[in-house]
1. Taking the residues in the stretch 1-12 that are within 11 Å of residue 36 (Cβ to Cβ) and part of a helix (DSSP H, G or I) as candidates, determine which candidate is most open to solvent (accessible area, probe 1.4 Å).
2. Pairs under 9 Å by beta carbon, first residue polar (S, T, N, Q) in the stretch 305-331, partner buried (at least 18 other Cβ atoms within 10 Å of the Cβ), six or more apart or different chains?
3. Restricting to the stretch 154-168, give me the number of residues that are charged (D, E, K, R) and within 17 Å of residue 196 (Cβ to Cβ).
4. Sort out which residues of the stretch 345-403 are part of a loop (DSSP other than H, G, I, E, B), of a type in the set (Asp, Glu) and either in contact with a helix residue (DSSP H, G or I) (Cβ under 6 Å, 6 or more places away or on another chain) or within 22 Å of residue 170 (Cα to Cα) (or both), and write them in order of number.
5. Does residue 177 satisfy the condition of being outside the structural domain of residue 302 (by the TED database) and surrounded by fewer than 20 Cβ atoms within 10 Å (Cβ to Cβ)?
6. State yes or no: is residue 152 under 30 Å from residue 275 (Cβ atoms) and not in a strand (DSSP E or B)?
7. Please go through (1) over 20 Å from the mean Cα position of the chain (by Cα); (2) under 30 Å from residue 26 (Cβ atoms); (3) buried (at least 21 other Cβ atoms within 10 Å of the Cβ) for residue 192 and return the number of the only condition it doesn't satisfy.
8. When the stretch 25-55 is examined, which residues are found to be in a loop (DSSP other than H, G, I, E, B) and under 15 Å from residue 263 (Cβ atoms)?
Amino acid sequence: MTTLDIDFVRAQFPAFSESVLQGQAFFENAGGSYTCQQVINRLTRYYTQRKVQPYAPYDASRLAGEEMDEARTRMAAILGVETDELSFGPSTTQNTYVLAQAFRQWMKPGEAIIVTNQDHEANSGPWRRLADEGIEVREWAIDPETGHLNPSDLETLLDEKVRLVCFPHCSNVVGEINPVTEITAIAHAAGAFVCVDGVSYAPHGFANVGKLGPDIYLFSAYKTYGPHQGCMVIRRALGELLPNQAHYFNADVLYKRFTPAGPDHAQIAACAGMADYIEDLSGHHGGPSEGLAEKGAFAHDLMRAHEVALLQPLLDAVKDRNSVRLIGPADAEQRAPTVALGLNRPAEPVAAELAKHGIMAGGGDFYAVRALQAMGIDPEKQGVLRLSFTHYTAQDEVNKLIEALDHVL
């Protein structure tokens, strides 16, 4: 495995050159990442040269439309799906609500969906509301001690009534990477479709959704070094089965069927910058010469190896503290570098104390209220301290974090 060139990586992110951010170590990446230069360049070019209605015959408009199409084509290739199976919407939460409306119209009273209490509320709340329409909602519950989702527990919930199983690739507080392919196979064998919330996983490497196998995969571009867009893969078999949610004359265009809001032209075009970054990262490290899926997989593994190496010392530093409850696995290989800590005091003031040491982190419930409650943590009075990083984090920043934790905890 090639070692990540951290100096090259950080050179792609203007934030690391900003004077106001010097001396600050960013550990709230699960809430949103820094933006890479490739995305900023495309967004600037669009707003300065192509900010017109796209797809008209004049040059500025033609180029605007071509760049939007380029973003969809290249990102879909990285994700291992067909171009029209990728949709862009205002946010992942909004995309999920639209999907829930489509399922509401398609499903019959008495049929069932399965949700977890490990999820961010965006992949739980919209589906749970279908109970008001006579849809049975079954909860696949986490282990209250570890936060773990056991696939065997899912099997006991499945029967011929279940139409959809929703779960996260990894939780934004538990951090454990769930076995998507295994879970998807279990659900498919029972005749159910699968919706995976990839928001907390995607910042650590784009998944090959085609190989993983779910019918829906959602993530947020603003957490994957891009603009504030929700990215949504819907595989063709399901997308053509569900009722159209857009204008009637867009019903025959798969990537428009579930995005009724007018698209943000500039931000969609700028998403091609995420593909630029992946290609640049792969190329710099001697990755595959052809194939966007292959380049994406190479970059994914490169990112993960770097993150795992930095994460284990942090886990080791906190797992045995008497005043700290580490949420999720203590083995870096099993999780994303999103580390939630239950403390014997409210977490938000602790995050404020860390800020005095140059650590940018957060405290609270992070919209994972159900997960925290299931693990016996009061979301309002206590919450968790969340320390999250990604592949552009450097070793000295993790060292600085551990030292600051020694002072604050």
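1. The selected residue is 11.
2. 312/332; 323/343; 323/409
3. 1
4. Those that are part of a loop (DSSP other than H, G, I, E, B), of a type in the set (Asp, Glu) and either in contact with a helix residue (DSSP H, G or I) (Cβ under 6 Å, 6 or more places away or on another chain) or within 22 Å of residue 170 (Cα to Cα) (or both): 365, 378.
5. Judged against the criteria, residue 177 is not a match.
6. no
7. (2)
8. Result: 50, 51, 52, 53, 54, 55.
The values are calculated or read from the model by the stated rules, or taken from the named source; none is laboratory data. All figures in this text were calculated on a predicted structure; none of them were measured in a lab. All Cβ positions, even for glycine, are placed from backbone atoms using ideal geometry, and neighbour counts span all protein chains on display. Surface areas here come from the heavy atoms of the whole protein model, side chains and all, with no ligands, DNA or RNA. Shrake-Rupley method; radii C 1.70, N 1.55, O 1.52, S 1.80 Å.
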